Amino acid sequence: MSEVFDELDATELHTEPMVLNMGPAHPAMHGTVRMVLTLDGETVVKCDPEIGYLHRGFEKECESATWTQCFPYTDRLNYVSPLLNNFGFALAVEKLLEIEATPRCNFVRTIMGEISRISDHLTCLGAGSMELGGFTGFLYAIEGRELIWDIHEAVTGARLTVSYGRIGGLKDDLPDTFGPMWKKARERVLDIHSDIHKLLTRNRIFLDRMQGTGIISKADAISHGFVGPCLRSTGVDYDVRKDHPYFAYGEVDFDVPVGTTGDNYDRYLVRMEEIVQSIRIVDQCLARMPSGPVNCDDPRVALPEKESVYNSIEGMINHFKIIFEGIQVPAGEVYSYTEGGNGELGYYIVSNGTGKPWKVKVRAPSFYLMSAAHKMIEGGMIADIIPTFDTINMIGGEIDR
């Protein structure tokens, strides 16, 4: 019989493609997405990603909340970098109100936004390392993220769902302990960054799993509306912070790392370098921090001081009207965009002149990245799905909105 099989040509064997559901219960799919795969052996012939497993109804919920009450909802879009969501929404409403945040507020938003970006990238890199078997890399990255979340907690009062942004300003100014906390966390995060480089960047197994997998061309990335590290990994030098400066980004110096091949390894390297650049931005902002308030003095927008609320009828009325009726945003519409953890985070908001949004539409970066996931996966092996999905860094909260 062995002689008979030796003479058989493998191409003459009758085989049929296998249809396999990967997720949402698969650990690498994080419970938030399913991929319907058509396989030829271990080669992915077709991939059909299905989202919708973490539906939150963010856009519809905003229609029954005041403008200020939307902030806790924005926390839960990209819940790994909630401050970036907060500040992006605040900026959009401020454009409709035709008001500007104070200089100090813009610097604080820049600082806390970049700290949140570091948290986002460390989570992505750590999870990607773990799911390829590099558990030590995960432990290092999560230690760094916990140090960042300690700062979140000291500034905002919460570690994850912070609700720190306000229209026209912020919940609070930075505490007096911020400088020493940042100095301590900064040193350790840089050490962790160096350790991750030593563990992964030249690791033979890591290179074999990352280089040449999950490739997307520059043309395809642009066609699908790619943004952020995934777009920059293809060689496109586009970053909202540089090309359309907002907050204090026009007053600081930083580089935008770009890749060349658009594969998983390039996306890893781009995020690694962006952590360094975020630290650089925070350092510059702290050195140049202006004095003054962090909230605007427009009584239509800012809550009065508690002393005024308790001791004057005008302060009490103003407080109650903003809390119960909401900030009265003039009728109109605006599209405002900032650089989120995964790229351009846009808010298209419509006001009918009342204290509640008429419509809030989110341009979530992950949604557009997942639209081309099939192109990055098809033709590769089943095992290549793991690093590819990790470097896309899909966040279910902002996709299923």
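Tell me the helices (runs of 4 or more DSSP H) entirely within the stretch 62-163 that contain at least 2 residues that are in contact with a Cys (Cβ under 6 Å, 6 or more places away or on another chain).
103-131
Give me the residue from the stretch 24-61 that is in a strand (DSSP E or B) and of a type in the set (S, T, N, Q) and, out of that set, farthest from ARG76 (Cα to Cα).
Step one: of the stretch 24-61, the residues in a strand (DSSP E or B) are 34-40, 43-50.
The next check asks that each one be of a type in the set (S, T, N, Q); those that pass are 38, 43.
On the way: THR38: 33, THR43: 36 Å.
The qualifying residue farthest from ARG76 (Cα to Cα) is THR43.
Only one residue in GLU131, GLU100, GLU114 is surrounded by 20 or more Cβ atoms within 10 Å (Cβ to Cβ), touching a residue at least 40 places away in the same chain (Cβ under 8 Å) and assigned by TED's automatic domain parsing to the domain that holds PHE206. Which one? If you could, list the steps in order and put the result at the bottom.
Details: GLU131 fails: surrounded by 20 or more Cβ atoms within 10 Å (Cβ to Cβ); GLU100 fails: surrounded by 20 or more Cβ atoms within 10 Å (Cβ to Cβ).
Going through GLU131, GLU100, GLU114 in turn, just one is surrounded by 20 or more Cβ atoms within 10 Å (Cβ to Cβ), touching a residue at least 40 places away in the same chain (Cβ under 8 Å) and assigned by TED's automatic domain parsing to the domain that holds PHE206: GLU114.
Could you say whether any residue in the stretch 146-159 is within 22 Å of SER291 (Cα to Cα) and of a type in the set (Lys, Arg)? Break it down into steps so the answer makes sense when it comes.
Looking only at the stretch 146-159, we keep the residues that are within 22 Å of SER291 (Cα to Cα), and these are 151-152, 154-156.
Still in the running and of a type in the set (Lys, Arg): none.
No: the stretch 146-159 contains no residue that is within 22 Å of SER291 (Cα to Cα) and of a type in the set (Lys, Arg).
Just a yes or no: is a residue in the stretch 282-292 of a type outside the set (Gly, Ala, Ser), out of contact with any strand residue (DSSP E or B) (no Cβ under 8 Å at 6 or more places or on another chain) and at pLDDT below 95? Give the derivation first.
Narrowing the stretch 282-292 to residues of a type outside the set (Gly, Ala, Ser): 282-286, 288-290.
Checking the rest, the ones that are also out of contact with any strand residue (DSSP E or B) (no Cβ under 8 Å at 6 or more places or on another chain) come to 282-286, 288-290.
Applying the additional criterion that residues be at pLDDT below 95 yields none.
Scanning the stretch 282-292 turns up no residue that is of a type outside the set (Gly, Ala, Ser), out of contact with any strand residue (DSSP E or B) (no Cβ under 8 Å at 6 or more places or on another chain) and at pLDDT below 95.
Scan the stretch 332-359 residue by residue and report those that are surrounded by fewer than 18 Cβ atoms within 10 Å (Cβ to Cβ) and among the hydroxyl-bearing types (Ser, Thr, Tyr).
Passing the criteria: TYR335, TYR348, THR354.
What single numbered condition from (1) closer than 30 Å to ASP263 by Cα; (2) touching a strand residue (DSSP E or B) at 6+ places or on another chain (Cβ under 9 Å); (3) touching a residue at least 40 places away in the same chain (Cβ under 8 Å) fails to hold for GLY343?
All conditions are met except number (2).
Considering only residues of the stretch 167-183 that are buried (at least 20 other Cβ atoms within 10 Å of the Cβ) and assigned to a loop (DSSP other than H, G, I, E, B), which is nearest to the chain's Cα centre (by Cα)?
ILE167
With the condition being in the same structural domain as GLY262 (by TED's automatic domain parsing), I'd like the helices (runs of 4 or more DSSP H) fully within the stretch 314-399 carrying at least 3 qualifying residues. Full working, then the answer.
Details: elements: 365-370, 373-377, 385-392, 396-399.
Those helices (runs of 4 or more DSSP H) span 365-370, 373-377, 385-392.
Among the listed residues PRO245, PRO304, which satisfies the condition of being within 23 Å of the chain's Cα centre (by Cα), of a type outside the set (Lys, Arg) and in a loop (DSSP other than H, G, I, E, B)? Full working, then the answer.
Details: PRO304 fails: within 23 Å of the chain's Cα centre (by Cα).
Result of the check over PRO245, PRO304: PRO245.
Could you tell me which residue of the stretch 275-331 is surrounded by the most Cβ atoms within 10 Å (Cβ to Cβ), considering only residues that are over 30 Å from VAL189 (Cα atoms) and among the hydroxyl-bearing types (Ser, Thr, Tyr)?
Residue satisfying both the conditions and the ranking: SER308.
So is VAL362 surrounded by 21 or more Cβ atoms within 10 Å (Cβ to Cβ), aliphatic (A, V, I, L, M) and out of contact with any helix residue (DSSP H, G or I) (no Cβ under 6 Å at 6 or more places or on another chain) or not? Working first, answer last.
Values: surrounded by 21 or more Cβ atoms within 10 Å (Cβ to Cβ): yes; aliphatic (A, V, I, L, M): yes; out of contact with any helix residue (DSSP H, G or I) (no Cβ under 6 Å at 6 or more places or on another chain): yes.
Judged against the criteria, VAL362 is a match.
Across the stretch 250-280, which residue is nearest to ASN342 (Cα to Cα) among those that are among the hydrophobic types (A, V, I, L, M, F, W, C) and in contact with a Ser or Thr (Cβ under 9 Å, 6 or more places away or on another chain)? Full working, then the answer.
Here is the first cut: in the stretch 250-280, the residues among the hydrophobic types (A, V, I, L, M, F, W, C) are 252, 254, 256, 258, 269-270, 272, 275-276, 279.
When the remaining residues are screened for being in contact with a Ser or Thr (Cβ under 9 Å, 6 or more places away or on another chain), the result is 252, 254, 258, 269-270, 272.
Values: VAL252: 21, PHE254: 18, VAL258: 14, LEU269: 14, VAL270: 12, MET272: 13 Å.
Here the residue is VAL270.
Answer yes if at least one residue in the stretch 144-166 is assigned by TED's automatic domain parsing to the domain that holds PRO387, among the hydroxyl-bearing types (Ser, Thr, Tyr), surrounded by fewer than 21 Cβ atoms within 10 Å (Cβ to Cβ) and closer than 22 Å to GLY228 by Cα, and no otherwise. Don't jump to the end; show me each part of the working.
Kept after step one, since they are assigned by TED's automatic domain parsing to the domain that holds PRO387, are these residues of the stretch 144-166: 144-166.
Subset that is among the hydroxyl-bearing types (Ser, Thr, Tyr): 156, 161, 163-164.
Imposing the further condition that a residue be surrounded by fewer than 21 Cβ atoms within 10 Å (Cβ to Cβ) reduces the set to 161, 163.
Those left that are additionally closer than 22 Å to GLY228 by Cα: none.
No, because not a single residue in the stretch 144-166 is assigned by TED's automatic domain parsing to the domain that holds PRO387, among the hydroxyl-bearing types (Ser, Thr, Tyr), surrounded by fewer than 21 Cβ atoms within 10 Å (Cβ to Cβ) and closer than 22 Å to GLY228 by Cα.
Out of the residues in the stretch 251-274 meeting the condition of being of a type in the set (Val, Ile, Thr) and touching a Lys or Arg at 6+ places or on another chain (Cβ under 7 Å), tell me which one is surrounded by the most Cβ atoms within 10 Å (Cβ to Cβ).
Initial filter on the stretch 251-274 (of a type in the set (Val, Ile, Thr)): 252, 256, 258, 260-261, 270.
Still in the list and also touching a Lys or Arg at 6+ places or on another chain (Cβ under 7 Å): 256, 258, 270.
Numbers: VAL256: 16, VAL258: 19, VAL270: 22.
The selected residue is VAL270.
Could you check the stretch 172-193 and list, in sequence order, the residues that are within 25 Å of THR68 (Cα to Cα) and either at pLDDT 95 or above or among the small types (Gly, Ala, Ser) (or both)? Step through it out loud before you land on a result.
Residues of the stretch 172-193 that are within 25 Å of THR68 (Cα to Cα), as a first pass: 172-175.
ASP173, LEU174, PRO175 - these are the residues of the stretch 172-193 that are within 25 Å of THR68 (Cα to Cα) and either at pLDDT 95 or above or among the small types (Gly, Ala, Ser) (or both).
In the stretch 380-401, which residue that is among the small types (Gly, Ala, Ser) and modelled with pLDDT of 95 or more is farthest from GLU131 (Cα to Cα)?
As a first pass, look at the stretch 380-401 and keep what is among the small types (Gly, Ala, Ser): 380, 383, 396-397.
This time we only want the ones that are modelled with pLDDT of 95 or more, so: 380, 383.
Numbers: GLY380: 17, ALA383: 10 Å.
By that ranking, first place goes to GLY380.
Regarding the stretch 375-387, can at least one residue be identified that is within 27 Å of TYR73 (Cα to Cα) and in contact (Cβ under 8 Å) with a residue 40 or more places away in the chain?
Residues of the stretch 375-387 within 27 Å of TYR73 (Cα to Cα): none.
Looking through the stretch 375-387, none of the residues is within 27 Å of TYR73 (Cα to Cα) and in contact (Cβ under 8 Å) with a residue 40 or more places away in the chain.
Filter the stretch 197-222 down to residues that are free of Cβ contacts under 8 Å to residues at least 60 places away in the same chain and part of a helix (DSSP H, G or I) and give me whichever is farthest from the chain's Cα centre (by Cα).
Within the stretch 197-222, the subset free of Cβ contacts under 8 Å to residues at least 60 places away in the same chain is 198, 202, 204, 207-208, 211-212, 217-219, 222.
Pick out the ones that are also part of a helix (DSSP H, G or I) and you get 198, 204, 207-208, 218-219, 222.
Working: LYS198: 26, ARG204: 29, LEU207: 25, ASP208: 27, LYS218: 21, ALA219: 23, ILE222: 19 Å.
Out of the qualifying residues, it is ARG204.
The values are calculated or read from the model by the stated rules, or taken from the named source; none is laboratory data. Here the structure is a predicted model, which means the values were calculated and not measured. As a convention, Cβ positions derive from the backbone with ideal geometry for all residues, glycine included, and neighbour counts pool all protein chains shown.
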